[in-house]
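The values are calculated or read from the model by the stated rules, or taken from the named source; none is laboratory data. Values in this document were obtained by computation on a predicted structure and should not be read as measured data. Here Cβ is always computed from backbone atoms with ideal geometry, including for glycine, and neighbour counts include all displayed protein chains.
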Amino acid sequence: MRFNIDINFKVSKLIRRFIIADTLLFGGWGFVDPVFSVFILQEIAGASLVTVGITVSIYWILKSLIQVPVALFLDRTDGERDDFYTLITSFGIIGICAFLTTLAAHVWQLYLLQVLKAIGFGMYIASWPALFSRHLDKGHYSLDWSLDSTSIGFAIGITGFLSGIIVTWWGYDTLFIFAGIASFISAGVMLTVPHLVLPDVVHPGKPVLRDHAPVNINR
């Protein structure tokens, strides 16, 4: 019996950028998530365990409601300009939410910030996979997705371990600042290669933008 295992970790430049941006975003919030409920109880005036539950519900329910109509809009719009700009906007909203959380002191402020975070991540979840899946490396679709998931897993694992230490030494605000910075760096990473997502200027001032679906997908 003979086994022929070909290990090839070569990925395209754009896929690397997507993985880096994704890893930075979720790694940054990996600082926050493990201690977020403790932050609410310790730092938000009048907060209780009920507040923690409502906070989580606001984010997940609203994000779930937002991402589907955003995805439908992106699918109905030709080209990738809308996907790309939605992605960049989502990074900005998520980063601003992280920074504003350092100012939160009351329950109603916390709830509003969860609405903002849900909008940002709802836009992100609708746009990032759309762009990523269209530019997967031919013959390495599973590898590209797996590398992204693996990178995120390592990032969240490391930042989650560090979160408690950072809070002990520097306080909760530091975690949110790290998450905000990571979100804006993610946007910066994607802005370094917009020509790979938005190519082909045929007529000056009138770009021709195409969807880059994998060749084996019927259109």
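Details
- The helices (runs of 4 or more DSSP H) located wholly in region 88-205 that include 1 or more residues which are at pLDDT 90 or above and closer than 24 Å to A71 by Cα occupy 107-134, 141-170, 172-191.
- Test for R76: is it farther than 21 Å from D22 by Cβ and at pLDDT below 95: yes
- Pair list, Cβ < 7 Å and 6+ apart or interchain, from region 7-18 residues that are exposed (fewer than 15 other Cβ atoms within 10 Å of the Cβ) to residues that are modelled with pLDDT of 75 or more and not in a helix (DSSP H, G or I): K13/V193
- If the condition is being among the β-branched types (V, I, T) and more than 17 Å from the chain's Cα centre (by Cα), then region 149-171 contributes I158, I165, I166, V167, T168.
- Some residue of region 77-100 being small (G, A, S) and more than 30 Å from V167 (Cα to Cα): yes
- Considering only residues in region 70-80 that are part of a helix (DSSP H, G or I) and over 18 Å from the mean Cα position of the chain (by Cα), the one that is surrounded by the fewest Cβ atoms within 10 Å (Cβ to Cβ) turns out to be R76.
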